[in-house]
Amino acid sequence: MSQDFDVIVIGGGPAGSTVASLLAQKGVSVLVLEKDHFPRFHIGESLLPCDLPIFDRLGLDPGQAGFLFKAGAEFLDERVGGHTVYEFADALPGTPDHAYQVDRATFDHWLLTRSRQLGATVREGERVIEVLTPENGGDPSGVTVRTTATHATERERIADASYRARYVVDATGQDAVIGRREKTTRPLEDFGLGAAFTHFEQLDPAIDHELCVTARGTIKVLFVDDGWVWAIPLGGRKISIGLVSRRRGIKGEWLDQAIAASPFLTRVTMGAERVRKPTVLASWSFHNAKQHGARWTCTGDSACFIDPVFSSGVSLGMVGAADVADTLIEALATNDEGRDDLMDPHALKMMHAYTTFATLVNSWYHTTLLHTLFFSPEPNLEWKKGLTSILAGDVWRDDNAFQTMLLASKRRRKELVPDLVSGKATAPFDAL
Ligand SMILES: Cc1cc2nc3c(=O)[nH]c(=O)nc-3n(C[C@H](O)[C@H](O)[C@H](O)COP(=O)(O)OP(=O)(O)OC[C@H]3O[C@@H](n4cnc5c(N)ncnc54)[C@H](O)[C@@H]3O)c2cc1C
């Protein structure tokens, strides 16, 4: 079987569905290939305000759809009695003032449904097994993508398929189908090394006030001895709790131990129902040293994924996906989509964001900068505002003194996220 589309998007997560929706909205013919059937569980539940304009472009309102309003982030260190609240409303002028916390099964399904409504063809249960680009066994005029049915029963129904398009977007998240095949993914090992997480339901109404210090939901991030713990209220008496550890060999019971060691988490989970045994993931932070080429690009986690302590994954993924869509809409209209440097400006833009977050995460794990700023009785207010803007994902502005200070060490930046743009990072990167 062979079909022709302008663009094939591999992966129907937030990055894939965003790029597909924005392309379809402009009349581009798009095929989304997703290996799973939605709704399905996914981790990554706390969003940042930087994706609010994208929801507007998609014609979606997360608040109306019932997702929990997120006013900011709280940081706690129960070992020293430290507690601080960072509300997005207190950021530098112009930073959007709220975000959302989402159950990803519902959220991802909602976004992918929108892609269908806007005209994208979405095929679930089809796993991409081969991508032929002009640089890798394909011909210069287009790309070929081969799939197989994810489930045996469907294999009989769909059989293996092959699709042709003018361009392919790899939005396969941590699977990074192109990067892993080409061996261009590079681990970032200096951050968290593993996570154990689960959901709790039927929370006691008595802890409502404590959970929603700012009247509405905030993520709670706790410093613990070997890493950190998140507590993300999801609305409806439900909360996501996860441990990120810097020790190797993560185990589910480490999460139970972290909860038992924390008076706050013990209060929150007292009497609640744990939905399932903790899910365990290890060694996930990486960057992709080659993120685009002739007729293909990566977007979202398949380009770069940095330790989730500042909840940057979904929102940077959506912002990057929108940028990819905008670049492609223009290029497809002028038959210019085959250039191998088409996505250079996009990759540079995203590198600035990844480097900012990677540097911040590095500070979290390896310096006392953030701990001091969070829990000092008299924090530097200009830095607090600047940090709040970064925590909102508002990282492409030139008036953030905290961000400038953070990125001041070129040596540190290059060590953290080197060579993000096809091996030619140094010169254009310095121009940012
Ligand atoms: C422990 C942990 C905690 C996190 N917490 C947060 C958080 O609080 N906030 C936040 O913003 N982010 C968080 N993240 C990150 C977040 O999960 C990701 O950044 C986000 O899901 C990336 O979106 P994406 O669309 O790029 O990829 P994904 O959401 O992973 O979507 C990729 C899609 O591609 C599909 N796919 C993969 N391979 C194939 C294939 N071969 N063929 C077809 N389809 C395929 C997958 O089924 C999936 O649906 C966390 C991550 C981890 C590991």
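Tabulated values for the structure
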read-out: Where a residue in the stretch 303-314 is hydrophobic (A, V, I, L, M, F, W, C) and its partner, wherever it lies, is within 8 Å of the ligand (Cβ to nearest atom), with Cβ under 6 Å and at least six apart; value: V314/P14; V314/G44; V314/L47
read-out: Residue match in the stretch 257-278 (condition: without any contact (Cβ under 8 Å) to a residue 12 or more places away in the chain, closer than 15 Å to A195 by Cβ and assigned to a helix (DSSP H, G or I)); value: yes
read-out: Sole exception among (1) within 19 Å of V145 (Cβ to Cβ); (2) more than 11 Å from the ligand (Cβ to nearest atom) for G59, by number; value: (1)
read-out: Flag if L387 is in contact with a strand residue (DSSP E or B) (Cβ under 9 Å, 6 or more places away or on another chain) and either in contact (Cβ under 8 Å) with a residue 60 or more places away in the chain or assigned to a loop (DSSP other than H, G, I, E, B) (or both); value: yes
read-out: Single residue of L234, L222, L243, L255 found to be modelled with pLDDT under 95 and within 16 Å of the ligand (Cβ to nearest atom); value: L234
read-out: Breaking point among (1) surrounded by fewer than 24 Cβ atoms within 10 Å (Cβ to Cβ); (2) within 14 Å of the ligand (Cβ to nearest atom), for V85; value: (2)
read-out: The stretch 170-186 - residue that is touching a strand residue (DSSP E or B) at 6+ places or on another chain (Cβ under 6 Å) and of a type in the set (G, A, S) and, of those, nearest to the ligand (Cβ to nearest atom); value: A171
read-out: Residue selected from the stretch 90-118 under the condition more than 15 Å from the ligand (Cβ to nearest atom) and polar (S, T, N, Q), by the criterion surrounded by the fewest Cβ atoms within 10 Å (Cβ to Cβ); value: Q117
read-out: Verdict on V32 being surrounded by 24 or more Cβ atoms within 10 Å (Cβ to Cβ), within 15 Å of G217 (Cβ to Cβ) and within 11 Å of the ligand (Cβ to nearest atom); value: no
read-out: Residue check for T299: within 11 Å of the ligand (Cβ to nearest atom), buried (at least 22 other Cβ atoms within 10 Å of the Cβ) and more than 14 Å from A358 (Cβ to Cβ); value: yes
read-out: Candidate set from the stretch 304-332 (those that are more than 8 Å from the ligand (Cβ to nearest atom) and not in a helix (DSSP H, G or I)); member that is surrounded by the most Cβ atoms within 10 Å (Cβ to Cβ); value: C304
read-out: Matching option when the condition is within 14 Å of the ligand (Cβ to nearest atom), part of a strand (DSSP E or B) and over 17 Å from A99 (Cβ atoms), among V19, V9; value: V9
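The values are calculated or read from the model by the stated rules, or taken from the named source; none is laboratory data. On a predicted model such as this, the values are computed, not experimentally measured, just so you know. Cβ: placed from backbone, ideal geometry, glycine included. Neighbour counts: every protein chain shown.
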